[in-house]
Amino acid sequence: MSIPMELYLPIAGNSVNIAAVFGLGGAVGLLSGIFGVGGGFLMTPLLIMMGIPPTVAAASDSNQIVGASTSGTLAHLRLGNVDVKMGLLLLIGGVLGGTVGVEIIKVLRAMGNADFLINVTYVLMLGLVGGYMFIESLQSMRKAKAPAKNEPEKHVKSSAFARFAASLPWQMEFKRSGVRMSPLLPLFLGGLVGVLSAIMGVGGGFIMVPVMVYLLRMPMHVVVGTSLFQILFTCINVTVMQSISNHTVDFVLALILLVGSSLGAQVGAKIGKKLHGDQLKILLASLVLVVMFKILYELIARPDVLLAYVGGH
Amino acid sequence: MKRAVFLILTLLMCLPAASRAAGIDFTAEPAGIEIGTLYKGTSIQVEGRVPEGTQVVLRFTGAPEDLRMKEKGKAMGLLWMNMNTLHFGNVPKVCLIDASAPLKDLGLDGARLGLTGLADAVTVEPATADKASLLPELVTLKEKEGLFRQSSGGVKLGEKRDGLQAFSATLAVPSRLSPGSYSVEVFALRDGTIQAQAAKTVDARLVGAPALLADLAFNHGAWYGILASIIAILGGLAIGLVFQSKGAH
């Protein structure tokens, strides 16, 4: 074939196969479109395997997520799956929480062995979230099978959390999500996710999605759209900040990934629409658990090389 | 006074002759590497002559750099974690070694020219770090990245004439190459010692689109970040709109 397939990336300092990067983008974009998660947990390690330095892989992935989540948000917006009001509240909370999280991580690092704490938190969070979602959606799928009803009425338990949420001031309607609550709740929960994702150094989609499903009681399809809407802004922030302080964003790499992932995200959104909410949840839960086991394995198995590059931040 | 002038003149006359006798005459083509959009690694053709009866070691090394790394260790005797921060100094970005015979057969100097010998020049901080176990790890990491390589047999020895022997080799330069100054070094060894050595500089520089992008990214970071975000958004929107028009049936 005469079409050149290799392209040199000046920021990554290496050349890559265009088709391989495009395919990788497409596969991860598909997952992103279905579940409303950024997909950084998959993309970054695969890019490193292709010879991209770790810091460049993570930062460039954020850049491509900007595009992929734009495309995904647009697709979900058309399907009526984005609760803009809720998304903005979670975003404001997330930004504030992220700032607090960065300070916490500085203190942890000063105390020493912060990495240990981060990794253990990561495994525990993924294990808890993935395990809970998996069991819950499995039970819900079984229940749905028993009665002949198509859409069994969801019965909101009057838990202590629900009573606390109802007691908060300025209760308002969130039409898209079909819930009524105080704006303080998404602000606070967004902040909490922001703190955790800053500590763990991840986008936060994994934690945000279950928070929206179980604590904000939003319908799964709206959760996915709203999560993508929020990720869009988070990743713009990361792209600009990384470009300024670490020069690790490889825009060409991001662009190739983006074309693949945007196409994947569109297909993903359509697949997601065809799946039942519980099916979506159980698939996401499985994905979360797979990632958890991968991290756990890396913690237990002896690494090939006992040295690792330190990121520029 | 006359004797002193005579001595100096004799020495001056002898100098070039001595360097020619012990020296190596070689060429490295191309003399510079241009890293353009379609760069995917290149090869350097090295040809020349060494003193007869010697073996040749060829090295392509990049400018030394300092690296900040984490040492992995077991936390609480169970989990592998990034532990101590280490500073490696004087680590070449790239080090590709080839020879006309296995380095282990070329005596003490032969071994010194190999990757293990190269690691001896590397410094490690803090001083309490176990250099003996860390340096092989560093070499393994660089080998995995394709930036360090040691082989033998790639340098071919040719015809002998006038006390000199021809040699030639093709050095495969990896695609993972940063711009900078690199060096092609040729060593002639006999009986475990270096008889002669010579070096030539090969400059690698970015050209075309990679040069423009690197300039924007490193010198105008904020604009680069904003531009990267805007283009990503526009790209995402464009693809979204294409799907919208296709989906409207």
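Figures for the structure shown
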quantity: Check on A:Q230, in contact (Cβ under 8 Å) with a residue 24 or more places away in the chain, surrounded by 24 or more Cβ atoms within 10 Å (Cβ to Cβ) and over 15 Å from the mean Cα position of the chain (by Cα); calculated: no
quantity: Sole residue being surrounded by fewer than 17 Cβ atoms within 10 Å (Cβ to Cβ) and among the small types (G, A, S), chosen from A:G97, A:G72, A:G23, A:G40; calculated: A:G23
quantity: Residue in the stretch B:97-119 that is within 14 Å of another protein chain (Cβ to nearest Cβ) and in contact (Cβ under 8 Å) with a residue 24 or more places away in the chain present; calculated: no
quantity: First in the stretch A:121-143 and in a helix (DSSP H, G or I) and surrounded by 18 or more Cβ atoms within 10 Å (Cβ to Cβ), second anywhere and of a type in the set (S, T, Y) and modelled with pLDDT of 85 or more, Cβ under 8 Å, 6 or more apart; calculated: A:G130/A:S286; A:F134/A:S286
quantity: Qualifying residue in the stretch A:48-68 (condition: modelled with pLDDT under 85, within 14 Å of chain B (Cβ to nearest Cβ), under 17 Å from A:H221 (Cβ atoms) and buried (at least 24 other Cβ atoms within 10 Å of the Cβ)); calculated: no
quantity: Top-ranked residue of the stretch B:120-171 - restricted to ones that are hydroxyl-bearing (S, T, Y) and either touching a Leu at 6+ places or on another chain (Cβ under 6 Å) or under 18 Å from B:G89 (Cα atoms) (or both), ranked as nearest to the other protein chains (Cβ to nearest Cβ); calculated: B:T140
quantity: Selection within the stretch A:247-267 - more than 19 Å from the chain's Cα centre (by Cα) and not aliphatic (A, V, I, L, M); calculated: A:H247, A:T248, A:D250, A:F251
quantity: Selection from the stretch A:38-66 of residues that are closer than 21 Å to B:L237 by Cβ and out of contact with any Asp or Glu (no Cβ under 9 Å at 6 or more places or on another chain); calculated: A:D61, A:S62, A:Q64, A:I65, A:V66
quantity: Complete set of residues in the stretch A:205-231 that are hydroxyl-bearing (S, T, Y) and more than 20 Å from A:G29 (Cα to Cα); calculated: A:Y214
quantity: Residues of the stretch B:99-123 satisfying the condition of being of a type in the set (D, E) and within 14 Å of B:A188 (Cβ to Cβ); calculated: B:D109
quantity: Test for B:G110: is it touching a Leu at 6+ places or on another chain (Cβ under 6 Å), surrounded by 14 or more Cβ atoms within 10 Å (Cβ to Cβ) and not aliphatic (A, V, I, L, M); calculated: yes
quantity: Residue match in the stretch A:293-306 (condition: more than 9 Å from chain B (Cβ to nearest Cβ), surrounded by 20 or more Cβ atoms within 10 Å (Cβ to Cβ) and not aromatic (F, W, Y)); calculated: no
quantity: Search result, residues across the stretch A:240-251 that are hydrophobic (A, V, I, L, M, F, W, C) and at the interface with another protein chain (Cβ under 7 Å from one of its Cβ atoms); calculated: A:V240, A:I244, A:V249, A:F251
quantity: Counted residues, the stretch B:76-102 - those being hydroxyl-bearing (S, T, Y) and either surrounded by 14 or more Cβ atoms within 10 Å (Cβ to Cβ) or within 30 Å of B:P51 (Cβ to Cβ) (or both); calculated: 1
quantity: Failed condition for A:L275, given (1) more than 9 Å from chain B (Cβ to nearest Cβ); (2) within 20 Å of B:L241 (Cβ to Cβ); calculated: (2)
quantity: Filtered residue count, the stretch B:185-236, keeping only those that are farther than 30 Å from B:D25 by Cβ and acidic (D, E); calculated: 1
quantity: Count - residues of the stretch B:105-115 that are in contact with a helix residue (DSSP H, G or I) (Cβ under 7 Å, 6 or more places away or on another chain) and not in a loop (DSSP other than H, G, I, E, B); calculated: 4
quantity: Single match in B:A222, B:A217, B:A232, B:A211 (criterion: surrounded by fewer than 19 Cβ atoms within 10 Å (Cβ to Cβ), within 10 Å of another protein chain (Cβ to nearest Cβ), more than 24 Å from the chain's Cα centre (by Cα) and small (G, A, S)); calculated: B:A222
quantity: Test: residue in the stretch B:180-198 that is among the aliphatic types (A, V, I, L, M), surrounded by 20 or more Cβ atoms within 10 Å (Cβ to Cβ), within 14 Å of chain A (Cβ to nearest Cβ) and at negative phi; calculated: no
quantity: Those residues of the stretch B:56-75 which are more than 22 Å from the chain's Cα centre (by Cα) and more than 8 Å from chain A (Cβ to nearest Cβ), in sequence order; calculated: B:K74
quantity: Residue in the stretch A:204-217 that is at pLDDT below 85 and basic (K, R) present; calculated: no
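The values are calculated or read from the model by the stated rules, or taken from the named source; none is laboratory data. Small disclaimer: the values here were computed from a predicted structure and weren't measured. Note: ideal-geometry Cβ built from the backbone for every residue, glycine included; neighbour counts use all protein chains shown.
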